[in-house]
Structures are given as C-alpha cells and as structure tokens.
Amino acid sequence: MEIYVSTDIETDGPVPGRNAMLSIASAAFTADKRMVASFTANLLSPPECSPDPATLRWWRTQPEAWEASRREPDPPEVVMGRYVDWLKCLPGRPVFVAYPAAFDYPFVLWHLTRYASENPFGYAVIDIRSYAMGVLGRSFRACRRDALPESWFDPLPHTHVALDDAIEQGHWFCNMLQARTEADNGREDPQR
C-alpha cells in the first residue's frame, strides 16, 4: 500500500546546502484521507549554511511562523535519523507529496543524503500542481492554487508552520485523488 507523505519544509533560503532547512514536517495519509501519522522537527543550521537576505526579509513578515521554526531545534543528523525511523514505521511504502515538490524535495533529499543512512522515498515524489495539471487537463500555469476547484480545499489553516501546512496540503491532495476516482467512475467532473 502507498502512504502519501505530505511534506512541508521551512528554510532560510532557496538552495539546499547553501541555505538551511529550518523545519520539516510530514503528515502521512492513506488514499482515503486517513492521516495515519505525523512528524515534525526543527533543525539547527549547519555551519556551512548562511541565510538568504531576501528570505530573511520575508520571514520578518511572519514572526509567529519564524518563532515556531526556531523552537527547540535539534542537530540535522538527529532529526533526519528520527525521520528515517518514522518513515520506516509507516504502514506502507512512502510517497513524498508536496507543493511544490521542486522546492521541498531537494532540501529533504540533501538532508537525507548528508545526515541519514538511507532515503526511504527513493524518487517516489508527487508534485501537487503537476498532479492537478493531469487531473484537470490544463497547462501547468493554469493550475495555480487560486485557480483550482474550491471543493479540493478543506477549511484548514495555512500558517507557514510546517506541520500545519503539511496537514493542509495532505487533505488537499487526498481530495484531488477522490475527485479523480469519482471522475473515473463517471460520477463527477474533477474541474468542478
């Protein structure tokens, strides 16, 4: 069975290894939107990483989220070891899910490669926007979050706190799976 591991990270810049991953959170879902587990941790910044000035300016507009990302950080090797153990205890094969996966997954991959003994995801990665493109038959640029069907979104907060956002996007992705299944069964138009 596949377990969809909705993952959100917070960083101090756009480049893995040059900038630090501050927080990682994952919410693991079955296809029927049952959350089976969650993981969250804050990380100390590696000494070779330095913050991006533009990203720090953005963080100044999000003081509560910044504070949440800096609360009780642990060394990256400790966090990523715990994360691998958590992934291996899930009741199925993990599939990484993010929006956008092109941002989140490179940071997670870099940290798993550098600080953990293995990568349980391999390259099983789903980008939510790309999946929306396939479901809706639209171009990539026409699948911005604000252009997607309202029925795909549950009333959950988007706070820039990694665990909140991972749970929110996990619900969103599972709703997309359900819409696609219903459309395949002839019951609903996924563009509704």
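The values are calculated or read from the model by the stated rules, or taken from the named source; none is laboratory data. If you're wondering where the values come from, they're calculated on a predicted model, not measured in any experiment. With ideal geometry, Cβ positions are generated from the backbone for all residues, glycine too; neighbour counts draw on all protein chains shown. Ligands, DNA and RNA are excluded from the accessible area calculation, which covers all protein heavy atoms including side chains. Shrake-Rupley method; radii C 1.70, N 1.55, O 1.52, S 1.80 Å.
At a glance:
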{"read-out": "Contacts under 8 angstrom Cβ, first residue in region 96-114 being under 20 Å from Gly170 (Cα atoms), partner open to solvent by 50 Å² or more (accessible area, probe 1.4 Å) and of a type in the set (D, E, K, R), 6 or more apart", "value": "Tyr99/Arg145"}
{"read-out": "Test: residue in region 13-24 that is buried (at least 16 other Cβ atoms within 10 Å of the Cβ) and under 18 Å from Pro91 (Cα atoms)", "value": "no"}
{"read-out": "Residues within region 144-155 that are buried (at least 19 other Cβ atoms within 10 Å of the Cβ) and either touching an Asp or Glu at 6+ places or on another chain (Cβ under 9 Å) or assigned to a helix (DSSP H, G or I) (or both), tallied", "value": "1"}
{"read-out": "Only listed residue being open to solvent by 10 Å² or more (accessible area, probe 1.4 Å), over 12 Å from the mean Cα position of the chain (by Cα) and of a type outside the set (Phe, Trp, Tyr), chosen from His171, His158", "value": "His158"}
